[in-house]
Amino acid sequence: SALAEAAEKLAEARPGDRIGLVSFGARSYLVVPPTTDRAALVQALSSLDTGAAGPKTAMGDAVGLAAKRLAESPGLAKAVIVFGDGRSNAGEADPVAVARAAARHGVNIFAVGVGGDGPAPFLVAHPILGKQIITEAAPVDEAALTAMARAGGGAFWRAGDPAALARATAAIDALTPSD
């Protein structure tokens with residue numbers, strides 16, 4: 001996907017940095033801890049199924065998990081980059097409160113709004129019918145992403161196409177010093 005390619009390109013441009021990957025749907029989980037192992041990161045990015053998380057998203061929990069792992073990791077500059085539609089309708093943590101706490105601990109939050117304003121496919125596990133793809137409206141909540149990024153000392157970009165996604169990741173690369 002264009003998102004995986006943009007993340008991979010950003011990681012390759014920062015060879016000495018530790019970069020991790022957190023995935024989130026109804027729950028958040030650490031896919032790759034902060035590492036300089038680009039092969040592990042690229043493998044994880046290529047196998048990430050972006051529709052499999054379903055329509056529920058625990059964005060605040062995911063940002064908190066990423067920030068916690070970064071705060072515990074060595075390095076000078078620490079940043080969380082959230083690629084998403086801005087919805088946070090699952091989990092325990094409020095994304096803005098988590099971003100504010102992360103910034104107090106030296107971790108900046110950047111947000112990139114991805115997706116269209118039309119219906120998007122999601123893979124869900126139906127209790128009787130098994131795995132199914134459903135289509136649900138998934139507009140990007142720019143206000144939520146902007147509020148989270150500002151609270152986290154970062155910035156927000158809207159990336160509706162691959163070119164805008166490349167501009168957003170290039171801007172984040174320029175704004176975040178590398179170790």
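The values are calculated or read from the model by the stated rules, or taken from the named source; none is laboratory data. What you see is a predicted model, and the numbers here were worked out from it, not measured in a lab. All Cβ positions, glycine included, derive from the backbone under ideal geometry; neighbour counts span all protein chains shown. Remember, those area values only see protein heavy atoms, side chains included, never the ligands or the DNA or RNA. Shrake-Rupley method; radii C 1.70, N 1.55, O 1.52, S 1.80 Å.
F110 contributes about 10 Å² of solvent-accessible surface, heavy atoms of the protein only, 1.4 Å probe.
Each residue of segment 83-97 was assigned a 3J(HN,Hα) from its phi angle through the Karplus expression (A = 6.51, B = -1.76, C = 1.60, θ = phi - 60°), giving 9, x, 9, x, 6, 9, 10, 8, x, 9, 9, 7, x, 5, 5 Hz with x at Gly and Pro.
So which GluC sites (Glu not before Pro) in segment 1-43 pass both tests, a DSSP loop state and at most 13 other Cβ atoms within 10 Å of the Cβ? Intermediate values should be presented prior to the final figure.
Working: sites: E5, E8, E12; in loops: none.
When the GluC sites (Glu not before Pro) of segment 1-43 are filtered for loop state and at most 13 Cβ neighbours within 10 Å, nothing remains.
Around the amide H of A93, modelled in the peptide plane, lie the amide H atoms of D61, all under 5 Å away and 5 or more residues distant in sequence or on another chain. By its C-alpha gyration tensor, with a ≥ b ≥ c as the square roots of the eigenvalues, how is segment 1-92 shaped: rounded for a/c under 1.5, else prolate for a/b larger than b/c, else oblate? Oblate shape, in that a/c is at least 1.5 and b/c is the bigger or equal ratio.
Shown is the FRET efficiency for A77 and A2, computed with R0 = 35 Å from the Cβ-Cβ distance and rounded to the nearest 0.05: 0.85.
Remark: spin-label model distance A143-K9 equals 3.2 nm, labels positioned 7 Å along the Cα→Cβ axis. Taking 0.36 nm per residue of sequence separation and removing the Cα-Cα distance, the L30/Q43 pair yields an extension gain of 3.3 nm.
Could you tell me the center-to-center distance, by alpha carbons, between segment 63-93 and segment 1-43 in angstrom? The two parts, judged by their Cα centres, are 12 Å apart.
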